[in-house]
């Protein structure tokens, strides 16, 4: 954000992202902020047109809802200059980017890697969107560290620094990292090591120095000794033109240890045309054999208030 900009924020201010976009960033950049009590597609489009909003921060799900809205053509959204998004259920893909550019003129880009403990803005991807370069790489691309922030990938058990292209625990160090957990010295000692925060997230820094998020360690699956990350499978499924959302969990298997099971939601216009076998066949052409999930089509995914899939409820469906 820059002086004179206008942004819009519907994230609750008690979220770290809502605090940033709706409170802190506007204050220190002298930016006008249009605040919403909750997400409303029509209200958001009306606000963009009326207040000439030029900086937008959304979930991919929100952007798709706007593009699919029957009244989207009634609003002038061309004041938007940048649109940062976060891939939760729906994942950013070239089709969404092309449609958004046609509707608004702005380029949709993945925002950042971050968490509450680091004040959420630890990396950036802007400048990597030419010819969809960022979307051609291993998902989910988090980009480069912001100035003053450092990343490294370490072994979960030994904490030894790993080489480029090796998967391990994302560790981050920056001036905005927390100093301690409130009245939790045990958690503080476990998570903070020589100024580095052990995030518990699995990631990789590739040969270009770009950070990729692979998932939470507690969600990692072991399939015949191979590590499989539900977030990566979900990102790959998000590239299917008919899949609008997915959630991947593991189920026990006597032979393989675990098997990934993907619960997917299909676009209403495509639901009658595709079967689970059709999607499984597509997966065979897209994923490594050991990552191939069982496909289960459902009408809706159980969601948290923050827009994430309730994996516990998916386990109940098993």
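The values are calculated or read from the model by the stated rules, or taken from the named source; none is laboratory data. Everything quoted here is computed from the prediction, not taken from an experiment. Here Cβ is always computed from backbone atoms with ideal geometry, including for glycine, and neighbour counts include all displayed protein chains.
Figures for the structure shown
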item: Residue count, the range 180-192 (criterion: assigned to a loop (DSSP other than H, G, I, E, B) and either touching a helix residue (DSSP H, G or I) at 6+ places or on another chain (Cβ under 8 Å) or not assigned by TED's automatic domain parsing to the domain that holds residue 149 (or both)); result: 2
item: Residues being surrounded by fewer than 22 Cβ atoms within 10 Å (Cβ to Cβ), more than 23 Å from residue 216 (Cα to Cα) and in contact with a strand residue (DSSP E or B) (Cβ under 7 Å, 6 or more places away or on another chain) - total across the range 108-136; result: 3
item: Candidates 97, 101 - the one that is in contact with a strand residue (DSSP E or B) (Cβ under 7 Å, 6 or more places away or on another chain), assigned by TED's automatic domain parsing to the domain that holds residue 49 and buried (at least 18 other Cβ atoms within 10 Å of the Cβ); result: 97
item: Extreme residue, surrounded by the fewest Cβ atoms within 10 Å (Cβ to Cβ), among residues of the range 275-296 that are over 18 Å from residue 228 (Cα atoms) and in contact with a strand residue (DSSP E or B) (Cβ under 6 Å, 6 or more places away or on another chain); result: 276
item: Some residue of the range 222-237 being assigned by TED's automatic domain parsing to the domain that holds residue 300, under 30 Å from residue 126 (Cα atoms) and in a loop (DSSP other than H, G, I, E, B); result: yes
item: Meets criteria (modelled with pLDDT under 95, loosely packed, with under 14 Cβ neighbours inside 10 Å, more than 20 Å from the chain's Cα centre (by Cα) and more than 27 Å from residue 24 (Cα to Cα)) for residue 190; result: yes
item: Set 37, 30: member being on the phi > 0 side of the Ramachandran plot, at pLDDT below 95, surrounded by fewer than 21 Cβ atoms within 10 Å (Cβ to Cβ) and not assigned by TED's automatic domain parsing to the domain that holds residue 308; result: 30
item: Residue match in the range 210-230 (condition: closer than 25 Å to residue 67 by Cα and either free of Cβ contacts under 8 Å to residues at least 24 places away in the same chain or in contact with a helix residue (DSSP H, G or I) (Cβ under 9 Å, 6 or more places away or on another chain) (or both)); result: no
item: Candidates 299, 270, filtered to the one that is out of contact with any helix residue (DSSP H, G or I) (no Cβ under 7 Å at 6 or more places or on another chain), outside any strand (DSSP E or B) and within 29 Å of residue 38 (Cα to Cα); result: 299
item: Qualifying helices (runs of 4 or more DSSP H) (wholly inside the range 1-120; at least 2 residues being touching a helix residue (DSSP H, G or I) at 6+ places or on another chain (Cβ under 7 Å)); result: 41-51, 60-68, 94-104
item: The range 137-150, subset touching a helix residue (DSSP H, G or I) at 6+ places or on another chain (Cβ under 9 Å) and either surrounded by fewer than 20 Cβ atoms within 10 Å (Cβ to Cβ) or free of Cβ contacts under 8 Å to residues at least 40 places away in the same chain (or both), residue farthest from residue 236 (Cα to Cα); result: 149
item: Qualifying position, being outside the structural domain of residue 300 (by TED's automatic domain parsing), in contact with a helix residue (DSSP H, G or I) (Cβ under 6 Å, 6 or more places away or on another chain) and buried (at least 18 other Cβ atoms within 10 Å of the Cβ), among 243, 202; result: 202
item: When residues of the range 123-151 are limited to those that are part of a loop (DSSP other than H, G, I, E, B) and within 14 Å of the chain's Cα centre (by Cα), the one modelled with the highest pLDDT; result: 125
